[in-house]
1. So if we plug the beta-carbon distance of Arg330 and Asp302 into 1/(1 + (r/R0)^6) with R0 = 22 Å, what FRET efficiency do we get, rounded to 0.05?
2. To the nearest 500 deg cm²/dmol, what mean residue ellipticity at 222 nm is calculated for the chain from DSSP H runs of n ≥ 4 alone, each contributing -39,500 (n - 2.57), summed and divided by the residues?
3. Could you list which residues have their amide H under 5 Å from that of Ile66, counting only those 5 or more apart in sequence or on another chain, with H placed in the peptide plane?
4. Which order do the peptides 259-265, 145-151, 51-57, 171-177 come out in when sorted by mean C-beta neighbours inside 10 angstrom, highest first?
5. Please enumerate, by chain and number, the aspartates and glutamates with C-alpha under 13 Å from the C-alpha of Lys58, excluding those fewer than 8 residues away in the same chain.
6. Ranked from highest to lowest mean number of other Cβ atoms within 10 Å per residue, what is the order of the peptides 276-283, 117-124?
7. With +1 on each Lys and Arg Cβ and -1 on each Asp and Glu Cβ, how big is the dipole of the stretch 66-153 about its Cα centre, in debye rounded to the nearest 20?
8. Please compare each pair in Lys218/Lys283; Lys181/Lys283; Lys131/Lys253; Lys53/Lys254 to a cut-off of 22 Å on the Cα-Cα distance and tell me which ones are over it.
Amino acid sequence: MTPKIQKAAAVFAILLLGAILTPAPAAAGPATLTYANFPPAPTFPCVQMERWKTEVEKRTDGQVKINTFPGGTLLGAKDMMDGVIAGQADIGCLCMAYQPGRFIVTNATSLPLGIPDARTGSLVLWDLYDKYKPAAFAKVKVLTMFTTAPANIMSRTPVRTLADIRGLDLRASGGAAQILKAWGANQVGMPMSATPEALQKGVVQGVFSSLEVMKDLKFAEICKNVTRTDTVIYPFAVVMNMDRWNALPEAVKKVMTDLGREQAEWTGAYMDDHVREAVEWSKATHGVEFIDISPEEKGKWDARLDPITEAWIADHAGEYPAEAIVRDIRALTGAHAH
Ligand code: DTR
């Protein structure tokens, strides 16, 4: 053996010994992710969270474990986006209406544009996000988006006319808040998580939101009247911390990415079904009266909303393709509604 070959053999032997003596790396355990949500566990944002967790854990064959935190136990309603960016939670579910100035493009879905139900709203929102990829989400990975069903007035006293709603303390946030103001209500803003107490204490006389909360948050015990306006949806996003996202195995990323649109549609459909159930439950269990506004009166209500979209376009045209966004929401609504 030449010295050169001798040296190579020695190096090889050392490497071989090293390989034999080095313990095989322990099979990496599942990545554990925290998922924060602001309202109580029985509400729809938390129901969709549990569904997403179950699907992701199943579809990734145990490579990820998700620990869910409903009820604001990890992050509150208005801290959600910044909390996820800062890594206080890996994943968070937020209602974009609670920060109207922050999510301009996606909050345009809560203009009074006639989105008829939550399934349609969720698909419209998802496609709109996908098309514009708004800068507001540049620091996070968006996992899914969805909307509520259209908002209706739940109140202690019956609301049949614009005269009945004038000066009434009603709770709403974001786009829905502007609508209440246009109808002359005294709009009070707060997240849904603060609303049960405000209703109980009489700080507000009613709520403008989707009707599943009549059952999930037991508003039917206090609000014995529902005025059907079916006006506007609230948009939500589920976002993930970017570093945590980047650290996930590619196969896991693929599962989550593929689930984005499916989860939007699932949540919308769940919401629509659940609203129907909550309406029947409210009538049967709490004798809630459902009021349809007369067509003549409805004309007056709608006329008050007409300027809102035009004003939004005028306000945002400098910074965003505002007109195209509104056109897209209308077109997508037509395409997804059935
Ligand atoms: N409508 C928005 C969002 C919303 C509707 N139902 C729930 C239930 C739990 C939390 C938020 C929401 C709102 O009124 O805040």
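1. Using R0 = 22 Å, I get an efficiency of 0.90.
2. -15000 deg cm²/dmol
3. HN-HN under 5 Å from Ile66: Leu33.
4. Taking the mean over residues of other Cβ atoms within 10 Å, the ranking is 145-151, 171-177, 259-265, 51-57.
5. Glu50
6. 117-124, 276-283
7. Result for the stretch 66-153 is approximately 160 debye, rounded to the nearest 20.
8. Lys181/Lys283
Quick note: the coordinates plus some simple rules give every number you see, no bench work behind them. All figures in this text were calculated on a predicted structure; none of them were measured in a lab. Using ideal geometry, Cβ is built from the backbone for each residue, glycine included, and neighbour counts are taken over all protein chains shown.
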